[in-house]
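This report refers to the structure that appears directly beneath it.
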Amino acid sequence: MSQKVIIYPGTFDPLTYGHIDIIERGANLGDQLIVAVSLNSGKQPLFTMEERTALVMSEVEQINVKQKTTSPVIVKSFSGLLTDFATEQKATAILRGLRAVADFEYEFQMAGMNSKLGPEIETIFLMASENLQLTSARFVKEIALYDGEIKNFVPKNVLKMFKIKRKGKLL
């Protein structure tokens, strides 16, 4: 029997508690969850690919310890088409988190395109937990840009990285 590998892709710029919620819950949906940090330079990320990957890895290590699953969540970075990466990883599904109806419209279109590019790969939609439905990485960056408090939206390692960026005047 083949292993059910699920890919949870994103830019994770920055990683938020909403993302962590989806990772924790998604880890139980298959045999292996791969958190795939995307280059996606079209979004003009604040953090480099290496920084984002390291931040996600740090949190995933804690999730793996806490959940004690037989197959730990792993983190990989990629560039290019998601369906190509998913095929390389022998994934059976792509996991996408949803916060609101607006997310669904975009994600529905993306799932349709992905099904044309990789018809053997299913898309799974997982609603964000109710208390996290308003958390958006884009809003977190904007709040941080204006020196607003973001500790309720991001883990400590991400908060620390924002402070480093602020000192370097990159924020």
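The values are calculated or read from the model by the stated rules, or taken from the named source; none is laboratory data. Just so we're clear, the structure is a prediction, and the values are computed from it rather than from any experiment. Counting neighbours? That spans all protein chains shown, and the Cβs are built from the backbone with ideal geometry, glycine included. Heavy atoms of the whole protein, side chains included, go into the accessibility calculation; ligands, DNA and RNA do not. Shrake-Rupley method; radii C 1.70, N 1.55, O 1.52, S 1.80 Å.
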* First in the range 24-38 and over 14 Å from Val56 (Cα atoms), second anywhere and basic (Lys, Arg) and open to solvent by 30 Å² or more (accessible area, probe 1.4 Å), Cβ under 9 Å, 6 or more apart -> Leu29/Lys4; Gly30/Lys4; Asp31/Lys4; Gln32/Lys4
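For the range 50-166, list the helices (runs of 4 or more DSSP H) that sit wholly inside it and hold at least 2 residues that are of a type in the set (Val, Ile, Thr) and modelled with pLDDT under 95; which are they?
On the way: elements: 82-88, 101-117, 137-145.
The helices (runs of 4 or more DSSP H) meeting that bar are 137-145.
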* To do: Mind telling me which of the residues Phe125, Phe104, Phe78, Phe12 ends up being in contact with a strand residue (DSSP E or B) (Cβ under 8 Å, 6 or more places away or on another chain), crowded, with 20+ Cβ neighbours inside 10 Å and over 18 Å from Val158 (Cα atoms)?
  => Phe78
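Of the residues Lys151, Lys156, only one is under 18 Å from the mean Cα position of the chain (by Cα), of a type in the set (Lys, Arg) and open to solvent by 100 Å² or more (accessible area, probe 1.4 Å); which?
Working: Lys151 fails: under 18 Å from the mean Cα position of the chain (by Cα).
On inspection, the qualifying residue turns out to be Lys156.
One line per residue, one yes/no per condition, for (1) closer than 19 Å to Thr16 by Cα; (2) in contact (Cβ under 8 Å) with a residue 60 or more places away in the chain; (3) out of contact with any Phe, Trp or Tyr (no Cβ under 7 Å at 6 or more places or on another chain):
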position: Glu51; (1), (2), (3): yes, yes, yes
position: Asn64; (1), (2), (3): yes, no, yes
position: Glu88; (1), (2), (3): no, no, yes
position: Arg99; (1), (2), (3): yes, yes, yes
* To do: Within the range 128-147, track down each residue that is open to solvent by less than 60 Å² (accessible area, probe 1.4 Å) and either in contact with a strand residue (DSSP E or B) (Cβ under 6 Å, 6 or more places away or on another chain) or charged (D, E, K, R) (or both).
  => Ala128, Lys141
* Among the numbered conditions (1) more than 25 Å from Lys167 (Cα to Cα); (2) touching a Gly at 6+ places or on another chain (Cβ under 9 Å), tell me where Gly30 comes up short. => (2)
* To do: Quick one: in the range 131-143, of everything that is in contact (Cβ under 8 Å) with a residue 40 or more places away in the chain and among the hydrophobic types (A, V, I, L, M, F, W, C), which residue is nearest to Arg166 (Cα to Cα)?
  => Val140
